[in-house]
Amino acid sequence: MAVQFYFDPMCPYAYQTSRWIREVRAQRELDITWKFFSLEEVNLVAGKRHPWDRPWSYGFGQMRVGVLIRREHGNDELDRWYDTIGNAFFYDGEKMHVPDVHQKVIAAAGFDDTLVERALADDTTFDEARIEHQDAVTRYGAHGVPTIVFESGYAVYGPVVVPAPTGEDALALWELVAGWQRFPHLYELRHPKTHHDLVHVAEQFNTYLTTRDWNTVENPAP
């Protein structure tokens, strides 16, 4: 089976889901194509410039680096880059949204030490990430990440799960998510968060909450 996985590198939920789907891939034949989606754009504050109209923005700037990696080295290296920067940001507390820090961390992981500089000098990296984001909105009605698209063209938002399940639990969740395709007009199924749930999420995301340099803005989904 093949899926497309839309992510924004600054989203902690998407990163947990990426860890889960990699765990599924390790146990099943699953081909994951990684694609870009901008939370800064869908949650744009009135009067603020689009992320592709700014030389660098927290998530979209990082996507421009990912675009160049994919262009030069393919999807597998994009996969490795996303895993590298996600682990550095969400677990090690590295400010990956700062260009110099981003370059230092990925260079230590074996990536070209000119990637950030070259990505920011290439305006076509703006276009590629922007077009990918806009296509997800138009084609699949995407409004956030993680968004997973199956071979059938059926798209789901989620799963939003913290922490990422492993082993048999990862496969059990996969069966639930993939099985959603059977019900094309099932639009939403959600477990409300209690106070206990919010405390749990905050504990899991403590590094993220203390490393980020922005306040969360989340416009209502359509």
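Summary of values
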| quantity | calculated |
| --- | --- |
| Residues that are open to solvent by less than 30 Å² (accessible area, probe 1.4 Å) and either in contact with a Phe, Trp or Tyr (Cβ under 6 Å, 6 or more places away or on another chain) or of a type outside the set (A, V, I, L, M, F, W, C) (or both), drawn from segment 28-41 | Ile32, Trp34, Phe37, Ser38, Glu40 |
| Total residues in segment 147-173, condition part of a loop (DSSP other than H, G, I, E, B) and either within 18 Å of Asp31 (Cα to Cα) or touching an Asp or Glu at 6+ places or on another chain (Cβ under 6 Å) (or both) | 7 |
| Yes/no for Gly61 being farther than 17 Å from Met10 by Cα and either within 14 Å of the chain's Cα centre (by Cα) or outside any helix (DSSP H, G or I) (or both) | no |
| Within segment 1-27, considering residues that are out of contact with any His (no Cβ under 8 Å at 6 or more places or on another chain) and either without any contact (Cβ under 8 Å) to a residue 60 or more places away in the chain or aliphatic (A, V, I, L, M) (or both), the one surrounded by the most Cβ atoms within 10 Å (Cβ to Cβ) | Ala14 |
| Tally of residues being open to solvent by 90 Å² or more (accessible area, probe 1.4 Å), free of Cβ contacts under 8 Å to residues at least 12 places away in the same chain and in a helix (DSSP H, G or I) across segment 207-222 | 0 |
| From Thr17, Thr33, residue being at pLDDT 95 or above, of a type in the set (Ser, Thr, Tyr), within 18 Å of Ala155 (Cα to Cα) and not in a strand (DSSP E or B) | Thr17 |
| Any hit, segment 127-141, residues being assigned to a loop (DSSP other than H, G, I, E, B), touching a residue at least 24 places away in the same chain (Cβ under 8 Å) and among the acidic types (Asp, Glu) | no |
| Those residues of segment 42-51 which are closer than 15 Å to Glu128 by Cα and surrounded by fewer than 22 Cβ atoms within 10 Å (Cβ to Cβ), in sequence order | His50 |
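The values are calculated or read from the model by the stated rules, or taken from the named source; none is laboratory data. A quick note: this is a predicted structure, and the numbers were derived from the prediction, not measured. Positions of Cβ are backbone-derived with ideal geometry, glycine not excepted, and every protein chain shown enters the neighbour counts. When the accessible area is computed, the model is the full protein with side chains, heavy atoms only, and any ligands, DNA or RNA have been set aside. Shrake-Rupley method; radii C 1.70, N 1.55, O 1.52, S 1.80 Å.
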